[in-house]
Amino acid sequence: MHESALTPGDSARYDSRFASRAAGIVSSVMRDLMSLAERPDIISLAGGFPNTESFGREMFDEVVEVLARDHLAAALQYGPTEGLLELRERIVEVMAHDGARAGVDDIMVTSGGQQAIDLSIRTFVNPGDTILAEGPTYPGAVPCFTTYEARVEHIPMDGDGLRVDLVEEALARLAAEGRPPKLLYTIPNFHNPGGVTMSLERRERLIEIAHEHELLIVEDNPYGQIRFEGEPLPTLWELDEGAGWVIYLSTFSKILSPGARVGWVAAPAAVLRKMNLGKQAADLCSSTISQRFVIEYMRRYDWRDYVGRLNDIYRSRRDALLRALEEEMPPEAAWTRPEGGLFVWATLPSYLDTTHLLASAVEKHQVAFVPGRGAYLDGRGGDSMRLNFSGVPEAVLSEGVRRLGLAVAEMTDLHRALGGDIP
Ligand SMILES: Cc1ncc(COP(=O)(O)O)c(C=O)c1O
């Protein structure tokens, strides 16, 4: 047998063979932090975990029982790439509830919302192509953007969501540079990680811009139903009125179970055909067991009741997090006050770097968060962090933020001791 100097454990053995898309892929910081959630001594505000503990055991038993009794062979079988028809019918209902009218033929089931993002980028982006995304953007989308070697231009947000006026500016600048963006990826409702929602006025203006400039929009809407206050706003999909400039993504992860890994995309027929081919390459079809589970659950229960219960829990948890931040954070810190979703985005004084802060927060104070840099592809976000409230009970949230406050105070003292200015 040929003896190589390098063992299978040495990355150098493979480095010259890795494709450029594998060499340049950047991990989602969120995923890296996932293991911390398993350490019992750590309070993790880093995860994006929905509260799956409120899903009743009897509901689960009943659904699984019916699945086994009436649909076992089909549930264990391959299914169509576009997903089971009855599930797509249910998705049409869920979308209608979100104010997004679609027909079953507009929809393809995906393996979570994550695959819907992957397929959208894979279908449109060549290496080096420019895309627009909010800054910060969804940390889980970062590996999709880097896998397909996209150049991401971040567009800032404020309290009313994406700065749509800056989208126009970016379009003009990028056109002049000869690299018009292939698409805009946006999360209008309860942004992850930004915690803000795009105003109605901006939604309308964004659709006007899309129509004027033929800008393709990928609207990622996993949180539309996770609203604890305020009135729902129309989706970009709906405002587009079938003009074909919006691709709509969503998921059952936040309204039912992320473990089911069932999401979907709604798109114009020509786009859906290409995405279908991409999905054939990726996984042939989404799990039929999971699709059946969702169908049988939705046949028997009103999913809106369950979401209503979740939203009551999340509202109290959000309030607990906001109260604790008020008590523990320095006066120069700022944070969003989301009307829904799972996250608060906090910005600390710029002399604090949250990537460094995380190391001491975890090791010395046993608390974790997502550092802001994980939500940017251009190195920004160093003064910010994402805090999750959905997966952590109120008392634990308060304790977590108390620990975070200690870590922040310590780092501020260190900065002062090193002669740094503190305004
Ligand atoms: C904005 C956004 N898109 C997509 C996803 C992925 O959804 P799924 O868990 O269904 O893959 C998430 C999950 O947190 C998300 O926040």
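The values are calculated or read from the model by the stated rules, or taken from the named source; none is laboratory data. Note that this is a predicted model, so its numbers are computed, not measured. We place every Cβ from the backbone using ideal geometry, glycine too, and count neighbours over all the protein chains shown. What goes into the accessible areas is simple: the full protein's heavy atoms, side chains included, and nothing from ligands, DNA or RNA. Shrake-Rupley method; radii C 1.70, N 1.55, O 1.52, S 1.80 Å.
Summarised in one figure, the compactness ratio Rg/Rh of region 189-260, Cα atoms and Kirkwood Rh, is 0.99.
Along the axis of the charge dipole computed for region 201-302 (Cβ charges of +1 for Lys and Arg, -1 for Asp and Glu, origin at the Cα centre), the listed residues His211, Thr251, Ser286 are led at the positive end by Ser286.
When Rg and the Kirkwood radius Rh are both evaluated on Cα atoms of region 273-423, their ratio Rg/Rh stands at 1.12. Principal axis analysis of the Cα atoms in region 24-157 yields extents of 50, 47, 31 Å, listed in decreasing size. Using a probe of 1.4 angstrom and keeping all protein chains present, the accessible surface of the chain works out to 44 square angstrom per residue. A straight Cα-to-Cα reach below 26 Å connects Lys279 with the lysines Lys182, Lys254, residues fewer than 8 places away in its own chain not being considered.
Just to be sure I understand: if I project the alpha-carbon convex hull of region 202-360 onto a plane and average over all orientations, what area do I get in nm²?
Working: hull surface 54.5 nm².
Seen from a random direction, the Cα hull of region 202-360 projects 13.6 nm² on average.
Note on region 51-125: dipole from Cβ charges, positive end direction compared against Val125, Gln115, Val104; the farthest Cα belongs to Val125. With one equal scatterer per alpha carbon and no solvent term, the Debye-computed log10 I(q)/I(0) for region 140-290 at 0.13, 0.18 1/Å reads -0.66, -1.27.
Sorted from longest to shortest, the spans of the Cα atoms of region 266-305 along the three principal axes equal 35, 22, 11 Å.
Ranked highest first by the average count of other Cβ atoms within 10 Å around their residues, in what order do 174-187, 69-82 fall? Write down the numbers at each step before the final one.
Details: 174-187: 18.3, 69-82: 14.0.
Packing proxy ranking, top to bottom: 174-187, 69-82.
Here the scattering of region 351-423 is modelled by Debye summation over its C-alpha atoms, one equal scatterer each and no solvent; at q = 0.16 Å⁻¹ the log10 of I(q)/I(0) is -0.60.
When each of the peptides 268-274, 6-12 is scored by the mean number of other C-beta atoms lying within 10 Å of its residues, the order from highest to lowest reads 268-274, 6-12. Summing Cβ point charges (Lys, Arg +1; Asp, Glu -1) relative to the Cα centre of the chain gives a dipole of roughly 860 debye.
When ranked by the protection proxy of mean other Cβ atoms within 10 Å per residue, highest first, what sequence do the peptides 336-347, 102-113, 14-25 form? Before the final figure, lay out each step's value.
Values: 336-347: 22.8, 102-113: 21.2, 14-25: 10.8.
In descending order of packing, they fall as 336-347, 102-113, 14-25.
Rounded to the nearest 20 debye, what is the charge dipole size of region 267-423 about its Cα centre when +1 sits on each Lys and Arg Cβ and -1 on each Asp and Glu Cβ? Spell out each step's value before the answer.
Details: 20 positive and 20 negative charges, 198 e Å.
So the dipole magnitude of region 267-423 works out to roughly 960 debye.
With the Kirkwood sum run over all distinct C-alpha pairs, the chain has a hydrodynamic radius of 22.7 Å. Taken about its Cα centre, region 13-154 carries a charge dipole of roughly 660 debye when the Cβ of each Lys and Arg holds +1 and the Cβ of each Asp and Glu holds -1.
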